[in-house]
1. Yes or no: the range A:244-257 includes at least one residue that is within 14 Å of chain B (Cβ to nearest Cβ) and either farther than 23 Å from A:Thr334 by Cα or not in a loop (DSSP other than H, G, I, E, B) (or both).
2. Within the range A:208-240, work out how many residues are at pLDDT 95 or above, outside any helix (DSSP H, G or I) and not hydroxyl-bearing (Ser, Thr, Tyr).
3. Determine, yes or no, whether A:Ser177 is exposed (fewer than 12 other Cβ atoms within 10 Å of the Cβ), among the polar types (S, T, N, Q) and closer than 25 Å to A:Gly56 by Cα.
4. Counting only residues that are within 22 Å of B:Ile179 (Cα to Cα), free of Cβ contacts under 8 Å to residues at least 60 places away in the same chain and away from chain B (no Cβ under 14 Å), give me the strands (runs of 3 or more DSSP E) lying completely in the range A:313-427 with at least 2 of them.
5. Which residue pairs have Cβ atoms closer than 8 Å, lie 6 or more positions apart in sequence or on different chains, and pair a first residue in the range A:60-78 that is without any contact (Cβ under 8 Å) to a residue 60 or more places away in the chain with a second residue that is surrounded by fewer than 19 Cβ atoms within 10 Å (Cβ to Cβ) and acidic (Asp, Glu)?
6. Any idea how many residues of the range A:208-219 are surrounded by 23 or more Cβ atoms within 10 Å (Cβ to Cβ) and within 13 Å of chain B (Cβ to nearest Cβ)?
7. Identify, please: which residue in the range A:52-91 is in contact with a Lys or Arg (Cβ under 6 Å, 6 or more places away or on another chain) and of a type in the set (Val, Ile, Thr) and is, among those, surrounded by the fewest Cβ atoms within 10 Å (Cβ to Cβ)?
Amino acid sequence: MGHITSERVTLMDGSFIDQEQLASARRWPEAASRVPFWVYTDKELYARELERIFDGPHWSYLGMEVEVPEVGDYRLTGIGERSIIMVRGEDGEVAAFENKCAHRGARFCRQKTGRATEFACPYHQWVYGLDGELMGVPFQRGVKRKGGMPKDFDKSEHGLNKVRVESVGGLVWGTFSKEAPSFRDYLGERMFAHYERVYSGRKLKVLGYNRQHIPANWKLMMENIKDSYHPGLLHVFFSTFGLFRADQESATEMDETGKHGILMSRKGDKEANDVSTAIRSFDADLELEDDRLLDYKHEWPTPQTVGMITVFPSVILQQQVNSISTRQILPRGTGGFDFVWTHIGYDDDDEAMTQRRLRQANLFGPAGLVSADDGEIIEFSQEAYESAPEGASLIEMGGHEVENTDYMITETAIRGMYRYYREVMGL
Amino acid sequence: MSETLQERAEAATHTEAKAAKPKPRPASAEVRAAVRDLYDDYLACMDDGEFAAWPGFFAEDCFYRVTTRENVEGGFPLSLVFAESAAMLRDRVRAIDETMMFGPRSYRRFSSGLRVSEEDGVIGARGNLLVVETLADKPSHIAVCGRFEDTLARRADRGYEIVSRVVVLDTEMMPNSLIYPL
């Protein structure tokens, strides 16, 4: 462990090894139920994550069909650290390409949303169509036969970096990879069934956005939602009001690879029992004065009241009581990520349901009575890893294996993600 | 309340539409002074961390919303914090005290450009808000920057209460969490 220069790595004892030896310096601990802290801090590893995971054969969340309803409507989004323009093309389909001019690489589109007939980079006014093709290069043939592009310059070879797009159940997904399977196959049949429970094709309605920069490695957010052990403990609000507690009917499932997961549960009532007494912070006397905040209405085809899906690597699909949102993860270096929440309802929701969703949104986001806890705790973790990356997490709840469970006190889905991660990253 | 929540949110936040209207009439010097006193008390209470007293500044049937320009300009009703009664504000204070987990910090709120208007007995107050956050062992930083648009009413006994408060943040990317009320 130590400081990395271009050719050699200085270890903490002052000795150094060259880059070829780096892989061996980064040896995973023997047990599968350990995650070394350097996965959250190592810059070389992070570069490899961007290349193999975010630019690799994985689908990233881009946005929603309803965000770009008309031809020319666009919205800025991202894949990894790349800025992506998602746009409704002339053919009525959603397309996406990188927000990076093919000429000098400027991130030219600055408005988060808008309607365009074309995209122009302000630097030298190179113009692109809604399909990302290069349409115009000012003075391509020079002025008075002087200057200009070489004769063999071919505009068709210099469009914007295109993203392969699939639109599934109202959400839009993108990848740079030709090798990635279809989105449905990428999720796997089991996870796809969970996906369709919320994203059935019923038209969505955007209720609004919240954004936060969380000073922690992006993987910690994925892990947080795969960790079914924490919600009833960290989130006192959940356990106190019976929204999520260890004795409730629940399950954790993964796709075959372990990279995606879902945490399901069925809410109970506010009650003190053996489980609540095990939670030090449980407060039986706590009551809401205005309980409209917890006015739940069941609207799902299955009895579960919570379905938190992690679609590796880019998004959490939240259905927690009547609050539905996508939480997009955009990594920003080893020690931080932007977390973009899009809260939604269905287009045919009645007014009462919209109000219910908006009230329940108080539990989530940067000021969320529940979610603020998560941003804080993973910041605490990251701080420790940065100062002492030689340790490792102990991920042994529920044993050492990766398997679907019908209980909550397990860390199986975190082990599942790292089993997949190690394979992709060659660790 | 017959108005829908969205109508209330829209009425309180459609600043573009408001801007097109003639400027609201400034309130009398007496009202302006009394409202300034109210905000001085409000900020002192909040900066001292006396959050239990915070809901007392509001009418029981109040409307409170913290949101971003992104949502207001896009016409989206989502908020960061949203309450439809002083009881909901009290619930949030209890949740902050008893259920939420966060690193110790203090907020100091800086308000400027207060303008107080009075039209048909409705008192409006607008101003800027800058919140500096200080976490233990870290340098102070700006947590959020924005504006507030409030309506106030005279209390039966004395003084004023906030009937509606909408804080619209320029800051769209929160530096991690927004814990305390604004």
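The values are calculated or read from the model by the stated rules, or taken from the named source; none is laboratory data. Everything quoted here is computed from the prediction, not taken from an experiment. Cβ sites come from the backbone with ideal geometry, for glycine too, and all protein chains shown count toward neighbours.
1. Yes, the conditions are met somewhere in the range A:244-257.
2. Residues in the range A:208-240 being at pLDDT 95 or above, outside any helix (DSSP H, G or I) and not hydroxyl-bearing (Ser, Thr, Tyr): 9 in total.
3. Against the criterion (exposed (fewer than 12 other Cβ atoms within 10 Å of the Cβ), among the polar types (S, T, N, Q) and closer than 25 Å to A:Gly56 by Cα), A:Ser177 does not qualify.
4. none
5. Pairs found: A:Val71/A:Glu90.
6. If we filter the range A:208-219 for residues that are surrounded by 23 or more Cβ atoms within 10 Å (Cβ to Cβ), which is where we start, we get A:208, A:210, A:212, A:214, A:216-219.
So of that shortlist, the ones also within 13 Å of chain B (Cβ to nearest Cβ) come out as A:208, A:210, A:212, A:214, A:216.
Count: 5.
7. A:Val71
For every residue, the table says whether it meets (1) over 30 Å from B:Arg90 (Cβ atoms); (2) of a type outside the set (A, V, I, L, M, F, W, C); (3) buried (at least 22 other Cβ atoms within 10 Å of the Cβ); (4) in contact with a Leu (Cβ under 6 Å, 6 or more places away or on another chain).
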site: A:Gly368; (1), (2), (3), (4): no, yes, yes, no
site: A:Glu376; (1), (2), (3), (4): no, yes, no, no
site: A:Ala388; (1), (2), (3), (4): yes, no, no, no
site: A:Ile409; (1), (2), (3), (4): yes, no, no, no
site: A:Gly416; (1), (2), (3), (4): yes, yes, yes, no
site: A:Arg422; (1), (2), (3), (4): yes, yes, no, no
site: A:Met425; (1), (2), (3), (4): yes, no, no, no
